[in-house]
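Everything below concerns the one structure shown next.
The values are calculated or read from the model by the stated rules, or taken from the named source; none is laboratory data. Predicted, not measured: the structure shown is a model, and the values here were computed from it. Positions of Cβ are generated from backbone atoms using ideal geometry, with glycine treated the same way; all protein chains shown enter the neighbour counts.
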Amino acid sequence: MALRTSLCDRLEIDYPIVQAPIGSATTPELAAAVSNAGGLGHLAVTWRDREETRAVIRETRERTDAPFAVNLALDDATTVVDTDAHLEAVLEAGAPIVSFSFGDAAPYVDRVHEASATAMQTVGSAAGAREAVDAGVDVVVTQGLEAGGHVQSEVATTALVPRVADAVGDEVPIVAAGGIADGRGIAAALALGADGAWLGTRFVATEEANVHDEYRRRLREGDETDTAYTSLYDKGWPETPHRVLENETLERWREAGEPPAGERPGEDDVVARTDSGDGDSIERYDVALATPDLEGDIQSMALYAGQSVGLTDDVRPAVTVLEDLLAETRDVITGLPGRRS
């Protein structure tokens, strides 16, 4: 059966599956692999400077002729480059799709459209979705509480998607994010009113993702009860909730009575460094993602994962992941009672 929705038509992709912009784990290899397989690959550039941003977009364009997206977080507390200047670099580099999160995309939508690009915005409520559509956003992403990494909503995906669908109607495509890692989740998102699914944790556990082997191991071994929704890892992005895997840092903080920042156990501990030994150091409670160039107590870092981690039990090439997701989704839909293939 065909698996095509209005999202596919709007983004000019074959299948309604989006690889989330998983921070420093994103690479041109990963984004291009997903896009070449018919989904939508994604680059996260908020923590890159403008030259690095141009370079990764250029490399991705060299690896794929298919559309891909570039994400900018709009929260001033975490951006390293002024958003206006950063967006200019993104558009000049030829990004065909720009996604915005953690802020209001309205001031930037016209500039995206003037560059003949498509604008997406992540929201955490029906009201936020309505505002995004009124601002001219082309695609709305609804992120539920189950999501890994930094989280914009306190509402579960299953409750949020129908509310957004009711608020937006057929005006723009809707993408469901949070807690989705297999074909059952994608089929469920479509049934709830979404036009596509946005997967993060599943794509972190791919061969192309820029993540440490210890992080991958924890993802493979984790289950649905192994994550915590917290604001603990706040060095670099304060007061922003996130979902991570349980670890010793969380345990020690709870045992100490959950003290505030500045009074937490091992507040200034250096838990990891770049493998050269003389590069950047990562402190306990740092926002940094566990990348392959780090050495140290990787387990004590922020290991971002959604509640779908229990469905992420292996590491495979991104193309294989996408192919399996498509097959599973088709099987689920055709197997529904009363459904004819």
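If I ask for residues that are farther than 27 Å from L336 by Cβ and under 16 Å from the mean Cα position of the chain (by Cα), which ones from segment 1-28 would you list?
Let us first name the residues in segment 1-28 that are farther than 27 Å from L336 by Cβ, namely 12, 21-28.
Answer for segment 1-28, where residues must be farther than 27 Å from L336 by Cβ and under 16 Å from the mean Cα position of the chain (by Cα): P21, I22, G23, S24, A25, T26, T27, P28.
Scan segment 226-237 residue by residue and report those that are touching a residue at least 40 places away in the same chain (Cβ under 8 Å) and either assigned by TED's automatic domain parsing to the domain that holds G178 or not aliphatic (A, V, I, L, M) (or both).
Residues satisfying the conditions are D226, T227, Y229, Y233, D234, K235, G236, W237.
Restricting attention to segment 224-237, which residues are assigned to a loop (DSSP other than H, G, I, E, B) and touching a Leu at 6+ places or on another chain (Cβ under 9 Å)?
Result: E224, D226, L232.
Kindly indicate which of G149, G193 is over 16 Å from R130 (Cα atoms), assigned by TED's automatic domain parsing to the domain that holds A20 and either within 11 Å of the chain's Cα centre (by Cα) or free of Cβ contacts under 8 Å to residues at least 60 places away in the same chain (or both).
G149
R4 passes all but one of (1) free of Cβ contacts under 8 Å to residues at least 40 places away in the same chain; (2) farther than 17 Å from V211 by Cα; (3) assigned to a helix (DSSP H, G or I); which number fails?
(3)
Quick test for you: out of A129, A105, pick the one residue that is touching a residue at least 40 places away in the same chain (Cβ under 8 Å) and either outside the structural domain of D170 (by TED's automatic domain parsing) or crowded, with 19+ Cβ neighbours inside 10 Å (or both).
It is A129.
So, A302, is that one in contact (Cβ under 8 Å) with a residue 60 or more places away in the chain, outside the structural domain of G23 (by TED's automatic domain parsing) and touching an Asp or Glu at 6+ places or on another chain (Cβ under 8 Å) or not? Step through it out loud before you land on a result.
Working: in contact (Cβ under 8 Å) with a residue 60 or more places away in the chain: yes; outside the structural domain of G23 (by TED's automatic domain parsing): yes; touching an Asp or Glu at 6+ places or on another chain (Cβ under 8 Å): yes.
It is true that A302 is in contact (Cβ under 8 Å) with a residue 60 or more places away in the chain, outside the structural domain of G23 (by TED's automatic domain parsing) and touching an Asp or Glu at 6+ places or on another chain (Cβ under 8 Å).
Read through the list (1) of a type outside the set (D, E); (2) without any contact (Cβ under 8 Å) to a residue 40 or more places away in the chain; (3) part of a loop (DSSP other than H, G, I, E, B), then give the number of the only condition that T78 fails.
Evaluating T78 over (1) of a type outside the set (D, E); (2) without any contact (Cβ under 8 Å) to a residue 40 or more places away in the chain; (3) part of a loop (DSSP other than H, G, I, E, B) leaves (2) as the failure.
For segment 270-293, which positions are buried (at least 18 other Cβ atoms within 10 Å of the Cβ) and touching a Ser or Thr at 6+ places or on another chain (Cβ under 8 Å)?
Once the filter is applied, which keeps residues that are buried (at least 18 other Cβ atoms within 10 Å of the Cβ) and touching a Ser or Thr at 6+ places or on another chain (Cβ under 8 Å), segment 270-293 yields V271, A272, R284, Y285, V287, A288, L289, T291.
Determine which member of the set S231, S300 is within 28 Å of G178 (Cα to Cα), modelled with pLDDT of 95 or more and in contact with a Lys or Arg (Cβ under 8 Å, 6 or more places away or on another chain).
Details: S231 fails: in contact with a Lys or Arg (Cβ under 8 Å, 6 or more places away or on another chain).
Criteria check complete, one pass: S300.
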